[in-house]
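Coordinate-derived values only; no laboratory data. In this text, all values refer to a predicted model and were calculated from it rather than measured experimentally. Here the Cβ positions follow ideal geometry from the backbone for every residue, glycine too, while neighbour counts run over all protein chains shown.
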Amino acid sequence: MATAPAIDPTLINAEGPVAGEVIVTSNLWKTYEMGDQQVHALRGVNLRIKHNEYVAIMGPSGSGKSTLMNLIGCLDSPSQGKYWLNGHNVSELNDDELARIRNKEIGFVFQTFNLLARATSLHNVELPLIYNGTPAAERTARAKEVLEQVSLGPRMMHKPNELSGGQRQRVAIARALVNRPSIILADEPTGNLDSKTSVEIMALFAELHEKGNTIVLVTHEPDIAEYAHRIVTIRDGVVSSDHPSARHAAQTS
Ligand SMILES: Nc1ncnc2c1ncn2[C@@H]1O[C@H](COP(=O)(O)OP(=O)(O)OP(=O)(O)O)[C@@H](O)[C@H]1O
Ligand SMILES: [Mg+2]
């Protein structure tokens, strides 16, 4: 489904992306101003992620994981440093271009699902397509297709409070997939789920990875991180370690 992005050769320089890299950050800083206090949530993050990688981001509470995910997902902008998404220098895009690239390239999954409580699964999944003006018939067809892909065809007309936690997260994953993004970002997607349901959700991410998506997932749980192929640890706003997961290292050695 997803194809490797073409990288504009004029954008390539020493710090920028090389062919096949979809996420490249260079000395990324994020400072929050709190009255007269400054909180340095990120202090120079350098990270390079290739197309179809499966990366888990770990680290203590408050280390900057969600801040980094929000920057990677273009939900927020850095205070300093550079970020290239699929070869585009994000700081050089205007708001419209940024919205377009975010919509097209990225699907976001959150710990708390973030579904509209009064809307059916179908309507929740259709929402991103309403925002980008997809005609109604196509919208419904595509929403049904992704709900079936996450095995929720029979629950299409249920509202979030008529679904289990795992089913709610699958609706949220279907919503993230409906624009056919190449990159899935998930911030503690199993944080509110029991371990059996977490395993089901991780199986779904594995399937998406096999289909060609790039996946970046934040987790506190070492067991969950082991599903990824690469584990990046953030401490005090910088990358403190970056290595293959034990499971992946064992499979490839
Ligand atoms: N909007 C904000 N305004 C001010 N400070 C913030 C804001 N968001 C985060 N911070 C601070 O930035 C730091 C990093 O926060 P972040 O949410 O990225 O951590 P995290 O690694 O995701 O933690 P957790 O594992 O608890 O989710 C923390 O010290 C936090 O208090
Ligand atoms: Mg967080």
As a check on your grasp of the helix formula, calculate [θ] at 222 nm for the chain: sum -39500 (n - 2.57) over DSSP H runs of n ≥ 4, divide by the residue count, round to the nearest 500. -10000 deg cm²/dmol
Exposure proxy check: Val90, Val171 ranked by fewest other beta carbons within 10 Å? Val90, Val171
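Mind checking the stretch 152-219 for trypsin sites (Lys or Arg not before Pro) that DSSP puts in a loop (not H, G, I, E or B) and that have at most 14 other Cβ atoms within 10 Å? All intermediate terms of the calculation are to be shown ahead of the outcome.
Values: sites: Arg155, Arg168, Arg170, Arg175, Lys196, Lys211; in loops: Lys211.
Those that pass, being in a loop and sparsely packed, are Lys211.
Rounded to a whole number of µm²/s, how large is the Stokes-Einstein D of the stretch 100-253 at 20 °C and 1.002 mPa s, given Rh as the Kirkwood radius over C-alpha pairs? Mind dumping the intermediate values first?
On the way: Rh = 16.2 Å.
For these conditions, the coefficient is 132 µm²/s.
Based on the Cβ-Cβ distance from His220 to Glu97, what FRET efficiency comes out when R0 is 51 Å, to the nearest 0.05?
On the way: r = 34 Å, r/R0 = 0.68.
So, using R0 = 51 Å, E works out to roughly 0.90.
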Name the long-range amide H neighbours of Ser240: under 5 Å, sequence gap of 5 or more, or other chain; modelled H, no Pro or chain starts. Thr233, Ile234, Arg235
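Within the set Lys159/Lys196; Lys159/Lys211; Lys50/Lys82, which residue pairs have Cα atoms separated by over 27 Å?
Values: Lys159/Lys196 22 Å; Lys159/Lys211 29 Å; Lys50/Lys82 17 Å.
Violating the 27 Å Cα-Cα cut-off are Lys159/Lys211.
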Could you estimate the translational diffusion coefficient of the stretch 80-154 from the Stokes-Einstein equation, with Rh from the Kirkwood formula over C-alpha pairs, at 25 °C and 0.890 mPa s, in whole µm²/s? 170 µm²/s
